[in-house]
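What follows is one structure encoded as structure tokens, with my remarks underneath.
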Amino acid sequence: MQFYRFFLVLSLLLCFAAPSMSEEFRKQHSAFYPPILMEALQKNIENYDWARTARDQMVKQAKPWMEFSDDQLWSLMFGPTISGSWMVWSDGYCPACKESVPMYNWKVDALGHPWKVQCPHCQEFFPKSDFKKFYDSGLDDRGVFDPDLADRSILFNEEHPDPNDPKRLFGVDDGEGYIEKEGDKELRWRFIGAYLIYGQWKQAVRDGIVNLANAYTMTGDTTYAHNAAILLDRVADHYPDFDFKEQGILYEGPGAAGYVTTWHDACEETREMALAYDQIFEGIEGDKALVDFLSGKSKECGLENPKDSVAQIRRNIEDRILKDALANQDKIHSN
């Protein structure tokens, strides 16, 4: 819809525009959560049960990300070096029980069962290999997975580790899918490719940003803002490098325009991140621990932005998420 696209562009502009050209259009304060609104919110929480219930619910939703260390939060985001897939197999089945599992029917729980998808029929988890261990073995100096660096000796079915076991490679995915041969036909289950989108990105990263920002808005506890900023900043490190049209898989074929996901989801995800950034903007002011952590990561990974101040962290988020989306609107077109 054109109206939704207009609202998204307006949101992006409001989330980093400053009132003066001399300030390079840098954001100075929250656009959507001004003091008068925050005062009304706190009064409602003080006076009404429904408001306290809403606050408690948002705090509960953010709790999993409050249990992560800064380094664990930072490590949740991934780079564009593994093909993200819109489906495990659009018209496929479970390789274990052979029951049909088409389109979006695989179960994903990134916080409960990271780096796995689950058959809704036999409840088997895939891939059968320890992909997280394989992934970690392939991280380069920038903290980005490089398949050429990864230890392929890790790629075996953990339920059948014996080298002579015929099932040793059953259900094993190196990031580009588990493959079986059926005559001359190649069958490919993109377990990790789909998990990256529906698990690691949408649940671990995007939901973390949104839930932490909401909890900060409802409580004023800057720890929520701190944690959300780590996620947003790490997304910003990678976001311009994602191009779903070139890197993604859609119905077993080439992807369409987008970032981590295809355009219609990238549209909403970008809006959510813009709003979350606006929510936490004041909450990271003066956060020395945030600067110390992210500047250390920047130095460790050789990043261009030194992140040696809150202003530089904000610049990273604004330039590499908000401004990049405005400059590449084909990636965020709405349906």
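What follows is calculated from the coordinates using simple rules that are stated; it is not laboratory data. None of the values given here were measured: they were computed from a predicted structure. A quick note on method: Cβ atoms are made from the backbone with ideal geometry, for glycine too, and the neighbour counts reach across all protein chains shown.
Per-residue ellipticity at 222 nm, computed for the chain from helices alone with -39500 (n - 2.57) per DSSP H run of at least four residues, works out to -12500 deg cm²/dmol.
Helix 288-301 and the long axis of the chain differ in direction by around 40°, with both axes built from C-alpha atoms. If you plug the beta carbon distance of Lys181 and Asp91 into 1/(1 + (r/R0)^6) with R0 = 22 Å, you get a FRET efficiency near 0.75. Aspartates and glutamates within cross-link reach of Lys63: Cα-Cα under 12 Å, excluding same-chain residues under 8 positions apart? By straight Cα distance, Lys63 reaches Asp207. Apply the a/c threshold of 1.5 to the C-alpha gyration tensor of segment 117-189 and tell me whether it is rounded, prolate or oblate. Note, shape of segment 117-189 comes out prolate. Projecting the Cα atoms of Val260, Val291, Ile280 onto the dipole axis of segment 259-326, where Lys and Arg carry +1 and Asp and Glu carry -1 at the beta carbon, places Val291 farthest toward the positive end.
The label-point distance for Asp141 and Glu272, in a model that sets each label 7 Å from Cα toward Cβ, rounds to 3.5 nm. Of the peptides 160-169, 97-106, the ranking by mean beta-carbon count within 10 Å, highest at the top, reads 97-106, 160-169. Residues whose amide H comes within less than 5 Å of that of Leu139, counting only those at least five positions distant or on another chain, are Asp146 (H built at 1.01 Å from N in the peptide plane).
Across segment 199-335, C-alpha contacts under 8 Å between residues 6 or more apart give a mean separation that, scaled by the residue count, equals a relative contact order of 28 percent. Sequence-distant contacts, meaning Cα pairs under 8 Å at least 6 residues apart, place the relative contact order of the chain at 21 percent.
Backbone phi angles across segment 93-102, fed through the Karplus curve with coefficients 6.51, -1.76 and 1.60 (θ = phi - 60°), yield HN-Hα couplings of 8, 6, x, 8, 9, 6, 6, 5, 9, x Hz in residue order; Gly and Pro are listed as x.
For Asp173, the residues 5 or more places off, or on other chains, whose built amide H falls under 5 Å of its own are Lys128, Ser129.
Dividing the mean sequence gap of close Cα pairs (under 8 Å, 6+ apart) by how many residues segment 117-189 holds gives a relative contact order of 26 percent.
Computed from Cα atoms, the angle from the helix 35-47 axis to the main principal axis of the chain rounds to 80 degrees. Modelled spin labels at Glu252 and Glu285, positioned 7 Å past Cα toward Cβ, are 5.6 nm from each other. Rounded to the nearest 20, the Cβ-based charge dipole of segment 171-307 about its Cα centre (Lys and Arg +1, Asp and Glu -1) stands at 140 debye. Each part reduced to its alpha carbon centroid, segment 68-135 and segment 304-325 end up 31 Å apart. Taking θ as phi - 60° and the Karplus parameters 6.51, -1.76 and 1.60, the scalar couplings of segment 157-174 work out to 5, 5, 7, 9, x, 4, x, 8, 6, x, 9, 4, 9, 5, x, 8, 10, 9 Hz in sequence order, x denoting glycine and proline. Put a dot 7 Å past the Cα of Lys63, heading toward its Cβ, do the same for Lys132, and the two dots end up 2.0 nm apart. Taken over the Cα atoms of the chain, the convex hull encloses 156 Å³ per residue.
The C-alpha atoms of the chain define a longest principal axis, and helix 207-219 lies at about 30 degrees to it.
Computed from phi, the 3J(HN,Hα) profile of segment 226-239 under the Karplus parametrisation 6.51, -1.76, 1.60 (θ = phi - 60°) reads 4, 5, 4, 5, 4, 5, 4, 5, 6, 4, 4, 4, 10, 3 Hz, with x in place of Gly and Pro.
Among the listed pairs Lys27/Lys299; Lys202/Lys245; Lys27/Lys323; Lys202/Lys331; Lys27/Lys307, those with a Cα-Cα distance over 20 Å are Lys27/Lys299. Compactness of segment 52-101 was expressed as the Cα radius of gyration divided by 2.2 N^0.38 Å, which yields 1.88.
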